[in-house]
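Asker: There's a structure below that I have some questions on.
What follows is calculated from the coordinates using simple rules that are stated; it is not laboratory data. None of these values were measured; they are calculated from a predicted model. Positions of Cβ are generated from backbone atoms using ideal geometry, with glycine treated the same way; all protein chains shown enter the neighbour counts.
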Amino acid sequence: MSQKTPDNQYRSPSTHDFPAIPEPEEEVYLERNALDRLIARGSRAVSWLVLLAMGISVVEVFMRYGFNNPTSWVHETVVFLIAVIFVLGGPAAMARNSHIRVKVLYDNAGPSMKCWMDRFNDLLTLIFCLAMSYAAFHMFWGASHNPLGEWSLERSGTSWNPPFPAMVKGMILFALALMTLQASLHLWQSLKAKPNTRIEGAR
């Protein structure tokens, strides 16, 4: 004889009884123009310098502890490569619009206010990049010329004595000049944009 299931007996709830939990949407940052897309692609190639720096560091470990013959060039080369990666991270972040920012006010603003906030932000970015480029130019000039104005690269002063200090300062100038060009294009795009039109790659 079949037995009835008591009403108070526990029954596992069906998965359909639970409300669907929405998954958080990831904010996708898009490049705003052709220059940004070119820089984004180039940054992927630059990222391989990390692997190169790691490889020559491994060489140093083997040379120092395996053959008791330490190198004089690995440490400075690794520092130079990491410095280049760090410096070029600025244009890469600006190209992908992925720099760190606080968007409390921006997210609660209307379309018209967001448009003006984009313009104000791009204007401040351009002014900042121009000022930093000016400072970087003087820094690089001092590292690449002697007091008489003749071409003379600043060197590290070690036994190997590479011109890495001047080269790093040159990379800083290049990165900031590139960011100035990016900021100019971004400002031009935001000035042309209408309040109801979202700029490609904007916040």
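Asker: Grab the beta carbon distance between S98 and K194, set R0 = 41 Å, and tell me the FRET efficiency rounded to 0.05.
Answerer: On the way: r = 25 Å, r/R0 = 0.60.
So, using R0 = 41 Å, E works out to roughly 0.95.
Asker: In addition: Just to check I understand the Karplus step: with θ = phi - 60° and J = 6.51 cos²θ - 1.76 cosθ + 1.60, what whole-Hz values come out for the stretch 118-133, glycine and proline as x?
Answerer: 4, 5, 5, 5, 5, 5, 5, 4, 5, 4, 4, 5, 5, 5, 5, 5
Asker: For H145, what residues show an amide H to amide H distance below 5 Å, using hydrogens built from the backbone and excluding near sequence neighbours?
Answerer: Those qualifying (amide H under 5 Å, at least 5 residues apart or on another chain) are S152.
Asker: A further question follows. Applying 1/(1 + (r/R0)^6) with R0 = 22 Å to the Cβ-Cβ distance of S156 and L49, what FRET efficiency is obtained, to the nearest 0.05?
Answerer: With R0 = 22 Å, the Cβ-Cβ based efficiency is 0.70.
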